[in-house]
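Here, each number is a calculation from the coordinates, and none is a lab measurement. Keep in mind that this is a model prediction, so the values were computed, not measured. Ideal geometry is used to build each Cβ from the backbone, glycine not excepted, and the neighbour counts take in all protein chains shown.
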């Protein structure tokens, strides 16, 4: 049976196993259409950050995609010329995707059809899409699902953030009560995509991957559309 292959990118101070646990409900909802693979960021943050990050003592070894501070920490609110570790993270993901082996689902091979990402992982996914659009990396994917995403404020990423992502479908999901990334900040990413390829879900929660029970049909419809575009004539 054909299924979409989706690579999942965790948030700051999370890791692959933690994010897999936190997306259990979503994966169950979409298992008819997709398999989900997970990868940890390569960098270890220096210390527990402030209120600009979400904290969970049981998340395991903390990881990050890049740092915005000279002491190897990160905040989505930092306007900075620092992006320590970003290039290494890009290299890791491009190499990981090129291996064409779905690590959590032996028997499925790549490339990935889409990215599902949360918080800093969502910001990183947008930057990957921009690098792809500018032909600066060799990594193909058709769509993204972004939870609590935000635009990078590093000046090193300014040109990337001006890139129009016209051939990528995107489902944006963010919470009205997000205290880490204001939903109005998440909304800024929407303008990078063509309006006919972009959908938005605003939930009542905070900085998390919500259960989405109230938006079950909208999420399912998006994934079903991606399935039909990827596998014309097939049925899940």
Item checked: Helix axis angle, 216-230 relative to the chain longest principal axis, alpha carbon, degrees -> 70 degrees
Item checked: Cα pair distances of the stretch 129-236 binned at 10 Å [whole percent] -> 13, 40, 35, 11, 1
Note to self: Taking the 0 to 90 degree range and rounding to the nearest ten, how far is the long axis of helix 86-98 tilted relative to the main principal axis of the chain, both from C-alpha atoms?
What the structure shows: 20 degrees
Check: Which whole-number percentage describes the relative contact order of the chain, with Cα contacts under 8 Å and a sequence gap of 6 or more?
Finding: 20 percent
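Based on other C-beta atoms within 10 Å, arrange 93, 6, 137 from fewest to most.
137, 93, 6
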Note to self: Show me the three semi-axes of the equivalent ellipsoid for the chain, from the C-alpha gyration tensor (sqrt of 5 times each eigenvalue), largest first, rounded to whole Å.
What the structure shows: 25, 19, 18
Next item on the list: Using only Cα atoms, tell me the angle between helix 120-133 and the longest principal axis of the chain; keep it within 0 to 90° and round to the nearest 10.
Entry: 70 degrees
Next item on the list: Once you've got the GNM for the chain with C-alpha springs shorter than 10 Å, pick whichever of 196, 182, 167 has the biggest mean-square fluctuation.
Entry: 196
Checklist line | Calculated over the stretch 83-169: convex hull of Cα atoms, volume per residue (Å³) | finding: 96 Å³
Next item on the list: Provide Rg over Rh for the stretch 10-150; use the alpha carbon set for both Rg and the Kirkwood Rh (inverse mean inverse pair distance).
Entry: 0.95
